[in-house]
Each structure stands twice: as structure tokens, then as C-alpha cells.
1. Answer yes or no: is there a residue in region 282-291 that is within 19 Å of residue 334 (Cα to Cα), surrounded by fewer than 17 Cβ atoms within 10 Å (Cβ to Cβ) and not assigned by TED's automatic domain parsing to the domain that holds residue 336.
2. In this structure, is residue 516 assigned to a helix (DSSP H, G or I) and under 22 Å from residue 408 (Cα atoms)?
3. Counting just the residues of region 594-620 that are surrounded by fewer than 13 Cβ atoms within 10 Å (Cβ to Cβ) and outside any helix (DSSP H, G or I), which one comes out modelled with the highest pLDDT?
4. Find the residue count for region 490-536, including only residues that are farther than 19 Å from residue 437 by Cα, touching a residue at least 60 places away in the same chain (Cβ under 8 Å) and polar (S, T, N, Q).
5. Might you check whether a residue that is among the hydrophobic types (A, V, I, L, M, F, W, C), at pLDDT below 75 and within 30 Å of residue 733 (Cα to Cα) occurs anywhere in region 524-538?
6. Answer yes or no: is there a residue in region 358-365 that is at pLDDT 65 or above, touching a Ser or Thr at 6+ places or on another chain (Cβ under 8 Å) and surrounded by 12 or more Cβ atoms within 10 Å (Cβ to Cβ).
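The values are calculated or read from the model by the stated rules, or taken from the named source; none is laboratory data. These numbers were taken from a predicted model, which means no experiment stands behind them. Note that we place each Cβ from the backbone using ideal geometry, even for glycine, and neighbour counts take in every protein chain shown.
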Amino acid sequence: MWITIKSYFSYSFWAILSTVLAIYFIYIAAVFPYFHVDTTLQGNIVITKIYKSGAAFEIGMKEQDVILKINGEKPEDHFTFKKFKKIEQVKTIDFQHGAGIKKETVSHNYSPQEILNYLVFPSIVFIFCIILSLIVSRKKDDNSANKLLIYFLLAIGLGYVAAGASSRGDLLARIVTSFSFILSPVLLLHLLIVLFKSLNIKLNWKWRISWFYAFSIFLMGISTIHELSNWYYTIIDKAQLFFFFTTIFIIIYVLFVAYSNHKYSDARPTIKVLLVGIILSFAPFSFMHALPYLLFNVSLINPEISSISLFVLPLTILYLIRKERIIDIDFILFWLKKDLFFSLLAGLFFFILSTTSPIEKTLLNSFYVTIICLVIFTLRNPMFFRTKSKFIPPNSILEQQLNRFFKRAEIESSPLGLAEVITNEIQRIIPEIQTIQHFELHRITKKICIDDTSTRAHIEPFAELLISGQSSIGTIIPLKGSFCMLIHEKHDTSLYLFCSDKNNRTNLNPVEKAWLETLANYSNVLLANQYTIENVIQELRNLKENDTYYSNWLSNFLFSFAEKERVRLASDLHDTVLQELLLINIRLKKSLTESLPADTHKEMDILKEKILDCIHTTRETCYKLSPPFLVEFGLILALEQLIRKIHLQSNFHVQFDRDELNDHSLSDEYIVTLYRIVQELFTNAMKHSRAKAVILSLKSTRNSIKLFYADNGIGMDIKQMEDDYSNFNGLTGIRERVKSLNGDIEFSINDGLQVTIDFPLEISNDNH
């Protein structure tokens, strides 16, 4: 509790301090318009370049004008010129324009672009960061990741809002901007390391984060001394840019390594979303300002504008925090790669056509063209998926038609019935096709089997073409006034679909051809499954003639199938129901830590106990369905574990005798069968026998393995079991399991039940 209160006040202090500083920085940006001129000292201060976005352009100053006074004092004494060789924080200015001298008052009439860049956007980003950090601070779990996220959000929010005042030469704003610029990527790197560690995502990270903090503190100290001194060196700004860019590169590298190491794990989408968010946040600033300034001493875009993209990163983090299910980032990137390629082509084409313009303006306009095209292409995709049913003919929406076809075809149990469904589906989707029939063609005799004599007469001249052609399933074969399509092949017989041409004299369009081909392929699969089922049924009928073999074979098949279903069901229960129950239990525990009314708390305690009972029951059910270590660790260990559970759940004692049986040499089939037999015998003893003692013996010879069971219970009626042969449950099921592996079983009653089982021993070829 004390830690939570301490953390809350710590957050409150930094949040209040950041808010006070933000208000001051916005005030500076609002009071002093961005003057934005380049000057040189040639005896006097001469303007060498006027920027249209600045206040100097608005008051009519021109290049080569000489500045005489700033705010009523000599321009050489103005602190922004003394420090940075820049003219900012100007209220009044006297300057020589041609032969005359002018005095102008710098107005506060901001352009809409300046209001957005220096007041609106910074305020929105800062408020958003404050709100997001407040949400994180209210979480009950007080961990390092939450603290780092709060500090990171405050750093980027304050740094962004301070940028406007910094560009106007405010000393405090420049120091805060430097601190934020240096510290933000280090905090982000530390946050990712802590976050990945909490998610058990292994990073190939060998450096200490303290090294980055130490260097950032050193660089912040140098920057502070530099700002407080009367000297200005661009090397300090470049050192900050270099450190920023290097740290961002390391972050992206760490994410790429984590992504490659977890390419096939559940953490992959989270890493990928975070990677995309970081790239989108820092790419405009890095490639449009930082890198050009670092390499060529020019900036393609004002840093205040390029930094707007930083809001993408808080949005990404907020999205990952609040959403339990995230977007399919692979699907988004699949479309984005294509859109980006064509957008870059458009930007390059514009750049080639604008070679007569200044290089900076050309690059900037090309960048705008690329961004606009990318936005248009990106918005096109969701609009297409939402409105395709309104603008695209219904017969081209294949997935809907195939879904309906499957629903109708699944109830058909014969090839003729399925062919009828195919015919009706084509007539409904392409009503212009008047005649649709199916026929069989025997490749040896060239005989065509079809009821309609006129259609047979039409097809017979093309029989040789159909036989000699190397047609694949779904291939459309044009005939005179019609076409055929192969939908299934069986031995020497091929099943074709005969269709007349469309009665409106148009050819099949590409969408219709693709739909027919897909329909034929699905039909081929369905027909193949039907024929396979018919063959299996016929094989079972043939095997029934040998009654003994049929019974053993079928029993073995049914038990093997049931065992696979047990494993699947146990896996489904464990991965779905059990995990949901565990999640509900965790959430319930968190809710119980909150202050609740006594009645509510009592009801939730009862609910918690019931959930724990359900969790225990589900785990026991999963264990009974598929013992997790049965095949992996062997029969003996599995039986010993089962006996320990029986001792806890029953009133009888089990004496387990075994020789030096090498259970790892048994095949999986024998291991599972023996385990299930013993499991059923114990279940019978607990439910019906009223036994007090049980003897279980497992011995092996060279050619067989013997299982002996005896209890001192009330016994059973052997004749009743014989009459209940059709039921595979209980002891009758044990007998069927034994018969499925060609074993012998003997039941006897002598002061209880005795069961003797003898299996012919088969050695597994697997090396366990």
C-alpha cells in the first residue's frame, strides 16, 4: 500500500511539473511568433534568407535588409543573436530597407499552419500523453514497465510541446528539448527490455542499459553547459542527433532480432505491431530531418512538423495495453507493401518532372505526393472490402457462393445427388447458361453415359477430343456452342459437366471461369470422399465373412479411433475450457483485492471455490482422457501414478507386483491398452466390488505379457456380462480390448473377482 501511494505521488509530482512547464512553453510560442530568418554579420547584421512561414516575411522584410535594432536595443546585444546567431523573440524591429529605414511591430496574427504546428498539435500530443500516463498509473500492479512507460510518455509529450518555444530561443525550452531528445529513446529501449522480460521473450541483449543512461546523463550535462554558456557549437546538436539516431537504430535492431527469434511463437504479432509503430513514429523525423541535417547540414522538413508522427508511438502502446486481441498485422502489411511501392513510384515520377525547382522544395513536394498517394491507397482497401457487395456483381463474390454450395452439398450422400446440386448452383449463379447436364465417359470403350439423347449426339463427335486431351480438374473445354468441364476421375471413367454457351452471346468472364474451376475442384474432393467411404463400407462387408478377423480388426480400429478422440478432447479441454477457467480465477482474485460490500465479497468467495472445483475436475478429466506421461515415460510409471491416485480416492489398498518388464519395448498400442484395462478394473472396484484389497500383477515372458488382477470384493455374475456383450463399457469393454490385440482373457469368482489376461508380445520398432 505504501509503495502504491509513493508511486502515485511520484507520478503526480512529475505530471504537475510537466504541465506547468508545458503551459509556459505554449505561452512562449503564443507570445513570440516564429521570426524565421537567416542572417550574417558583415559589419552589420544582414538578412540572407527569408522564410515564408516566419513573421519576418509577413512584415515585409526582404533579403539584404540590414537589422538596426531589436526591441529597442542593438541587434548584437539581443540574446538570441549573441547565443545562436538567430533572430527570435522579437516584439519590435528597426531595419534598413533599400534607402529607407522602417520600424515594424511584430504582430501575433498566426497563420492556420503555425497555429496547428506550434500550438494545437503540441497541446493535443501533450494532453494525450498525460491522459495515457494517468491510465497507466492507476493500474494496481506497480512494476518497472508501468513506471518506464509513464516517464517515456511524459518525456516525449514535454519534449514535443517544448519544441516551439525552443525554436524561439527560450533557454529553458532548449534545455528541456535536449533532455527529452536524449532521454526518450533510452527510456523506450529500457521499457522494451523490461516488457519483453515480463513476457518471457528472450532478447539477444548483451549490453547494460546503465551504459546508455550514463552516456545520456553525460550528454545532457554537456548540453546544459553549452546552453548556459555564451558559445554555440553545432557539433553539440549533431552529437544529440547522432545519439538519438543510434539509439533508435539499436531499438529497431533489438526488435528485428526478437522478431526473428520468435517468428513462429505467439509473441510474433505483438513484436511486429510494436516494430511497425516505432518505425512509423521515428521515420519521418529521422529521414526528413535528423539524417539530412547530420550528413548534409540541411533539413527537408521543419523538425516541429516531422515530429508530429511521434503520436503514433503512444497510440501503438495504448492499443497493445487496452486490446486483448490485436489486428492481423501480416494482413495489413501485405497490402501496405504494395501501396507503398506504388506511392514511391508516384513520388519518384513527380520528382523527375520537377527537376527545375529547388532541390529542397522538390524533395518536400515529392514526399507530400508519396504520403498522399499512400493514404489514398491505404483507405481504398477497407472501403473496398466494406462496399464490394454494392459495386461488384454478386456472382463474383466466390466465398459466399461456395459457402452456400457446401451447405447444400453436405446433405447429399450420392454422386448423382451432388451432381444435381452442382447443376442447380450453376444455373442460379449464371442463369444465362440454359442447359447443364452431367455425363460419364469411359476412356476405353469411349461410351458416353447420359440420359438426354440429343446431348449425347452433340457430345459424341468430341469424345475423342475429350479422351486424348490432357485435361485437369476444372479445365473448361470449349465445344461447338457449348463447353465441358472435368469434375472427377475414377479408374477409366471420367465425370464431366456439359454446359451450353451463355444465351446472351457473351463469353465467360474471368471471374465466372475462376468460380467454375473452384466449384469443380471442391466437387472433385467431395466425390472422392464419397467414393472412399463407399469403398471402406464395402471392405467392412467383405471382412465380415471372416467373423473372427472382422471382430478383432473392427474392435482394434474402434479402440484406436476412440483413443485418438480422447487425446484430441483432452487437448481441447486443456487449451480452451481449462485456460478460460484459470483466467476467470485470476480476474476474480484481482477483484477480491478491491474494497467490496461484505455480501458481495462472500458471494465472490463462494464463486471462487466453485471455480477452483471446476478447475480441479477439468484437470482430472484431462488426465483420465489422456495421461500426459503414459507413452513418454512408460507403462510402469503411469500405473504407479494411477495407483497413488486410487489410494487417495478409494477405500482399498493396491498391491502392485511386477517383474523386470522393459515397458519401453512395448508398442504404444499395447501400452495404452494395458493402461486402459487396469484403469477400468480399478473403476469397477471402486463402484461395484466393495473390495478392501486389490492385487495387480504384470509379468512378461519371451513371447507374451500376462496381467493378473484379483480383489476380495463381492464378485459379479459372469453370465450377465456375457448377455451384455453389445456394450463396450465396463468389463465387457475390457474383453473387447483384449480381443482387439488377439489376447486371451479369463474371468473367475473366488472370494471376489479374478481376471487373467495373456497378450502375445509384440516388440515396438520405435526407439522411445
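1. Among the residues of region 282-291, not one is within 19 Å of residue 334 (Cα to Cα), surrounded by fewer than 17 Cβ atoms within 10 Å (Cβ to Cβ) and not assigned by TED's automatic domain parsing to the domain that holds residue 336, which makes the answer no.
2. Numbers: assigned to a helix (DSSP H, G or I): yes; under 22 Å from residue 408 (Cα atoms): yes.
Criteria met by residue 516.
3. Taking region 594-620 first, the residues surrounded by fewer than 13 Cβ atoms within 10 Å (Cβ to Cβ) are 594-595, 597-600, 602-603, 605-606, 609-610, 613, 616-617, 620.
After this cut, where a residue has to be outside any helix (DSSP H, G or I) as well, the list is 594-595, 597.
Values: 594: 69, 595: 71, 597: 76.
Filtering first and then ranking leaves 597.
4. Qualifying residue count, region 490-536: 3.
5. The initial filter retains those residues of region 524-538 that are among the hydrophobic types (A, V, I, L, M, F, W, C), namely 525-528, 533, 536-537.
Next cut, at pLDDT below 75 only: 536-537.
Right, trim to within 30 Å of residue 733 (Cα to Cα) and you get 536-537.
Yes, the conditions are met somewhere in region 524-538.
6. Yes; the residues of region 358-365 include at least one that is at pLDDT 65 or above, touching a Ser or Thr at 6+ places or on another chain (Cβ under 8 Å) and surrounded by 12 or more Cβ atoms within 10 Å (Cβ to Cβ).
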